[in-house]
Amino acid sequence: MDEPLLIDTRRSLHAVAELVIAGPQHRATGTIRLRVTPDGFGGVASPVRVRGAALCWDGGSTPLAGTCRQLAEAAGVDVGAPAGLYTDGSGADPDAPLEVDPAAAELLAGWFARGDAALRTLAADVEPVIWPEHFDLAVTAGEVTYGVSPGDAAIPLPYAYVGPWTPRTGPFWNAPFGAARDAGEVPDPEAVAAFFAEANRHL
């Protein structure tokens, strides 16, 4: 997969998650939480979701093309990020053109699905959440955050991570926030779950 193409797609999906799904959902229901859905992600209290390279809602769908404003209009929602909750979101412009490659979108959907399966193995009683500000999927248990990210400004490609609330030291802890593993190092849900289990042994 071409790295710039994957990064552009991830940024566009982040914009859609925040401006087209989480923001309108928060204004309607008070929650910003998103979840993994078949072939993508969507709101926990909204019918709007991404499936592959399309935006879907009850009774309709449209390709992930144009701008977030145009997608929101098609879905019948009011575009915009959740207001007043955080300061470190996507920074996306609702009128900026989206760049979504179908193969890259499929890869990122598969990564979220891999992480979702691993997190449910780790903490069966905790529902994994995609947080729209960082666009990562995570659970928190025992003052430790476990999650997977499709990439961000610090680590541009997909990775799994463990973030203890109290900083740890030692060779296992290879990131400022804790520990991270590139998606290639954890190629299936079992490998992601094993990474989380290994982290627990180092806590």
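The values are calculated or read from the model by the stated rules, or taken from the named source; none is laboratory data. All of these numbers come straight from a predicted model, not from anything done at the bench. Methodologically, a virtual Cβ is constructed for each residue, glycine included, from the backbone with ideal geometry; neighbour enumeration extends over all protein chains shown.
Things to note:
- All of Ala193, Ala153, Ala183 fail the test of being at pLDDT below 95 and either under 19 Å from the mean Cα position of the chain (by Cα) or not assigned by TED's automatic domain parsing to the domain that holds Val126 (or both), apart from Ala153.
- Here Gly91 passes the criteria (1) under 22 Å from Ala53 (Cβ atoms); (2) not assigned by TED's automatic domain parsing to the domain that holds Pro187 except the one numbered (1).
- Meets criteria (surrounded by fewer than 22 Cβ atoms within 10 Å (Cβ to Cβ), out of contact with any helix residue (DSSP H, G or I) (no Cβ under 7 Å at 6 or more places or on another chain), not aromatic (Phe, Trp, Tyr) and not assigned by TED's automatic domain parsing to the domain that holds Phe177) for Arg51: yes
- Within the range 53-75, being out of contact with any Phe, Trp or Tyr (no Cβ under 6 Å at 6 or more places or on another chain), assigned to a helix (DSSP H, G or I) and of a type in the set (Gly, Ala, Ser) holds for Ala72, Ala74.
- Qualifying residue in the range 133-147 (condition: under 16 Å from the mean Cα position of the chain (by Cα) and of a type in the set (S, T, N, Q)): yes
- Qualifying residue in the range 139-150 (condition: under 25 Å from Gly59 (Cα atoms), at pLDDT 95 or above, out of contact with any Phe, Trp or Tyr (no Cβ under 6 Å at 6 or more places or on another chain) and not hydroxyl-bearing (Ser, Thr, Tyr)): no
- When residues of the range 135-182 are limited to those that are outside any strand (DSSP E or B) and touching a Leu at 6+ places or on another chain (Cβ under 6 Å), the one surrounded by the fewest Cβ atoms within 10 Å (Cβ to Cβ): Gly151
- Top-ranked residue of the range 33-43 - restricted to ones that are on the phi < 0 side of the Ramachandran plot and either among the polar types (S, T, N, Q) or in contact with an Asp or Glu (Cβ under 8 Å, 6 or more places away or on another chain) (or both), ranked as surrounded by the most Cβ atoms within 10 Å (Cβ to Cβ): Val36
- Within the range 95-134, the set of residues being out of contact with any helix residue (DSSP H, G or I) (no Cβ under 8 Å at 6 or more places or on another chain), under 19 Å from Tyr159 (Cβ atoms) and in a loop (DSSP other than H, G, I, E, B) comprises His134 only.
- Test: Ala105 is within 17 Å of Arg10 (Cα to Cα), touching a residue at least 40 places away in the same chain (Cβ under 8 Å) and over 19 Å from the mean Cα position of the chain (by Cα): no
- Enumeration of residues in the range 1-52 that are assigned to a helix (DSSP H, G or I) and polar (S, T, N, Q): Thr9, Ser12, Gln25, Thr29
- Checking Pro187 against (1) surrounded by fewer than 18 Cβ atoms within 10 Å (Cβ to Cβ); (2) over 30 Å from Pro24 (Cα atoms); (3) touching a strand residue (DSSP E or B) at 6+ places or on another chain (Cβ under 7 Å), the condition it does not meet: (3)
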